[in-house]
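A.B. asks: Attaching a single structure in structure tokens format; questions to follow.
The values are calculated or read from the model by the stated rules, or taken from the named source; none is laboratory data. Keep in mind it's a predicted model, so treat the numbers as computed, not measured. Cβ: placed from backbone, ideal geometry, glycine included. Neighbour counts: every protein chain shown.
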């Protein structure tokens, strides 16, 4: 009898934790959807142009820090977007296993009818630790790794996803260039193409 009660109690705890976990998952998925969906103006900035602008900014302003926003970036500021922290192994483009849930939530959101058929830029950002050129290359590799995970693991159609790296060229907190808040992945909805 004790074994039956213990088994029933364990099953109840497992069921409660599963429901609580799925409620949190639904909330996060919905936050992503709500941040990315909706009518917006058409902005004609290609992923290639954006990537090229980041490289040119480093050449134009060599040294430790860039002088501010890229002109093309300002055009994207009005678009629907979402920032999320995805962690990687140190100095690597390997997504940490603990971040696969976040990548899965992005995939769940992109699979919904609200976002299907729209085009997204997956933009990798770093903090300002290290050389700017290196950070830009690392952010490109990381954005590509996220795109690859979305396409291969989560079956998001690749024709709607474009990986772009910004390195430290668009710091979220320019006053604190080494802050962790600058290390992020940004999804930008550039609409139907």
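A.B. asks: If the requirement is being at pLDDT below 95 and within 21 Å of residue 35 (Cα to Cα), which of these qualifies: 80, 94?
C.D. replies: Testing whether each residue is at pLDDT below 95 and within 21 Å of residue 35 (Cα to Cα) leaves just 80.
A.B. asks: Sticking with this one: Please find, within the range 31-45, the residue that is surrounded by the fewest Cβ atoms within 10 Å (Cβ to Cβ) out of those that are at pLDDT 90 or above and over 27 Å from residue 168 (Cβ atoms).
C.D. replies: Filtering the range 31-45 for residues at pLDDT 90 or above gives 31-37.
With over 27 Å from residue 168 (Cβ atoms) added as a condition, the list becomes 33-34, 37.
Details: 33: 18, 34: 13, 37: 16.
It comes out as 34.
A.B. asks: Let me ask you something else. Any residue at all in the range 46-56 that's at pLDDT 90 or above, crowded, with 18+ Cβ neighbours inside 10 Å and out of contact with any helix residue (DSSP H, G or I) (no Cβ under 8 Å at 6 or more places or on another chain)?
C.D. replies: yes
A.B. asks: Of (1) assigned to a helix (DSSP H, G or I); (2) within 19 Å of residue 31 (Cβ to Cβ), residue 82 satisfies all except one. Which?
C.D. replies: (1)
A.B. asks: Next up: Given 59, 116, 170, which one is outside any strand (DSSP E or B), modelled with pLDDT under 95, surrounded by fewer than 17 Cβ atoms within 10 Å (Cβ to Cβ) and in contact with a helix residue (DSSP H, G or I) (Cβ under 8 Å, 6 or more places away or on another chain)?
C.D. replies: Selected residue: 116, the only one of 59, 116, 170 that is outside any strand (DSSP E or B), modelled with pLDDT under 95, surrounded by fewer than 17 Cβ atoms within 10 Å (Cβ to Cβ) and in contact with a helix residue (DSSP H, G or I) (Cβ under 8 Å, 6 or more places away or on another chain).
A.B. asks: Give the residues of the range 111-129 that are farther than 14 Å from residue 148 by Cα and touching a residue at least 24 places away in the same chain (Cβ under 8 Å), sorted by residue number.
C.D. replies: Passing the criteria: 111, 112, 114, 115, 117, 118, 119, 125, 126, 127, 128, 129.
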